[in-house]
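Q: Could you have a look at this structure, given as structure tokens, before my questions?
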Amino acid sequence: MTQTIRSNRFVPALTALSLALTAALASSGAHASAFQLTENSAQAIGRAEAGGPAAPDDCASIVNNPAAMSDFKVTCLAATGSVINASVKFTGSGTDAFGGPLSGGNGGNGGSTQPLPATFIIRPINDQLTLGFATSVPFGLKTQYDDRWVGRYQAVETKLGSPSSPTLTFAGSWKFSDELALGLSFIAQRETAVLSQDINLGTILAAPTNGALLPQEADGQGTLKGSSWGYGFGAGLLWTPTPADRIGINFHSQVDQTIKGKATFLIPSNVLPLFGGAFTNTKGSADFITPAFANLGWWHKLDDRFSFGVNASYTDWSSFKILQINYDNPLQAAYNAPSIFNYKNSWFGSIGGEYRMDDQWTLRAGVAYDQTPTTNATRDPKVPDGSRKWLAFGAGYKYNENLRFDAGFVHLFVNDSMVNDLTPTFDTLNGTFKLYGNVLTVSARYTF
């Protein structure tokens, strides 16, 4: 029987960023589908981020709405730690360029458990001006599958962001009156990226070798590691029309990055000479965007014990369309293809509240819906994201007038995500990812 192969010289683009990357899973945070993270406040997590930029008395307002720093009449120091656990399990199969079944298992659990730290300091200068500084990780992701799994030509390891490379936020607020405050922030965003996936060299060489090599018979692997600094800004407004109501708006700009790093290739020695100098270790770079987003929140104090709020957030994911790596080795260009994502803009909404039991204890709860920006047409195993529902609860304990502790927990019910992904070497992965996530956030705050 004669087999035919579709002519193709491309292999997967190993962009240091081919991280359509999620929420994930290190993204599992509010309005955090894909690879956006918002787990920076235990108070907010406990009520599913209800109230959002309007919520009162939170040191994390530096990043969530700088205008709300005007709440503080004393210095606030806070440290927050989150643990994000995501389960990512695939069921399905694949075929190579000749239509043969791809070998390998289902990849195990591609999710992970990741720490996420944040720190905050707010310092009032006078009755109008308040300054703040924060370290946080607003975007991140890690998925890692078993070696030689059926989807190895799509992804093996994808990692974006690192707790050791936090984003820096410098913020200030100005209180115009008891009813109105405005805030601005400058953001220095550090991103690190790791992408690893196998390369079906047998497909590329089947025609040049007259069938001596066939798909899946000569796998290689490419890994790209890189990092970058990018800069943006934030702006916020806090309006208090009545003593019982607060309305907050927060905007975070798009941040443009150029991630630079090194591509490392593991290629069988018997086939490396056939590529004429390609697939050798080289430097590379790629332009990468983290999207702009905006939040609108309302917070209402019903009485001295019960308060509640709502939050709506919009993320401009449509800016994340395509990723193309530029290799220093010009011979690599013939084997390079862009990664297409074509994300859609997404919404997040939540409602929740808190109940002050006494002068020491506060209970919180909330629910939310978080829309995924991914689509069936372009979703792949790097970020097998799905829309999710939040169920959150938390508690706060006031030890004394200066020291307070808070904790919040969220379980994420994530919709199954369908994948029908074709690599540049015509390897098709078809199946379903079953996902869920848990987030535990704790914080300590000291005022003086």
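Q: Taking Lys301 as the anchor, which aspartates and glutamates have their alpha carbon closer than 19 Å to its alpha carbon, excluding any fewer than eight residues away along the same chain?
A: Glu49, Asp57, Asp58, Asp71, Asp178, Glu179, Asp245, Glu354, Asp358, Asp359
Q: Computed over the Cα atoms, what is the radius of gyration of the chain divided by 2.2 N^0.38 Å, N being its residue count? Don't skip to the end; give the middle numbers.
A: Details: Rg = 23.9 Å, N = 448, 2.2 N^0.38 = 22.4 Å.
Ratio of Cα Rg to 2.2 N^0.38 Å: 1.07.
Q: Can you pull the Rg over Rh of region 43-96, Cα-only, Kirkwood? Numbers along the way, then the final one.
A: Numbers: Rg = 18.6 Å, Rh = 14.2 Å.
Here Rg/Rh amounts to 1.31.
Q: Further question on the same structure: Choose one answer from Thr143, Thr203, Thr242: the residue with the largest mean-square fluctuation in a GNM of the chain with alpha-carbon springs under 10 Å.
A: Per the Cα network of the chain with a 10 Å cutoff, Thr242 tops the list.
Q: Now, a different point. Measure out, as a whole number of angstrom, how far apart the alpha-carbon centroids of region 368-412 and region 37-97 sit.
A: The two parts, judged by their Cα centres, are 7 Å apart.
Q: Please compute the Cα-Cα pair-distance distribution of region 369-442 with 10 Å bins starting at 0, giving whole percents from short to long.
A: 18, 32, 22, 15, 9, 4, 0
Q: Quick one: work out Rg over Rh on the C-alpha atoms of region 31-182, Rh as Kirkwood radius. Write down the numbers at each step before the final one.
A: Numbers: Rg = 21.2 Å, Rh = 18.0 Å.
Rounded to two decimals, Rg over Rh is 1.18.
Q: Still on this structure, please answer the following. So what are region 233-293's ellipsoid semi-axes, whole angstrom, largest first, if each one is the square root of 5 times an eigenvalue of the alpha-carbon gyration tensor? Show your work: numbers first, answer last.
A: Working: eigenvalues 565, 21, 9 Å².
Value: 53, 10, 7 Å, ordered largest first.
Q: Taking Cα pairs under 8 Å and at least six residues apart, what relative contact order does the chain come out at, in percent? Intermediate values should be presented prior to the final figure.
A: Values: 1516 pairs, mean separation 100.3, N = 448.
Worked out over the chain, it gives 22 percent.
Q: What 222 nm value per residue comes from the helices of the chain, counting each DSSP H run with n ≥ 4 as -39,500 (n - 2.57) and dividing by all residues, nearest 500 deg cm²/dmol? Write out the running numbers ahead of the final one.
A: On the way: 3 runs with 15 residues, N = 448.
Per the formula, -500 deg cm²/dmol.
Q: Okay, next question. Taking the alpha-carbon centroid of each part, what is the distance from region 249-278 to region 196-223 in angstrom?
A: 19 Å
Readers should treat all values here as calculations from the given coordinates under stated rules, not as data from a laboratory. Keep in mind that what you see is a predicted model, and the values were worked out from it rather than measured.
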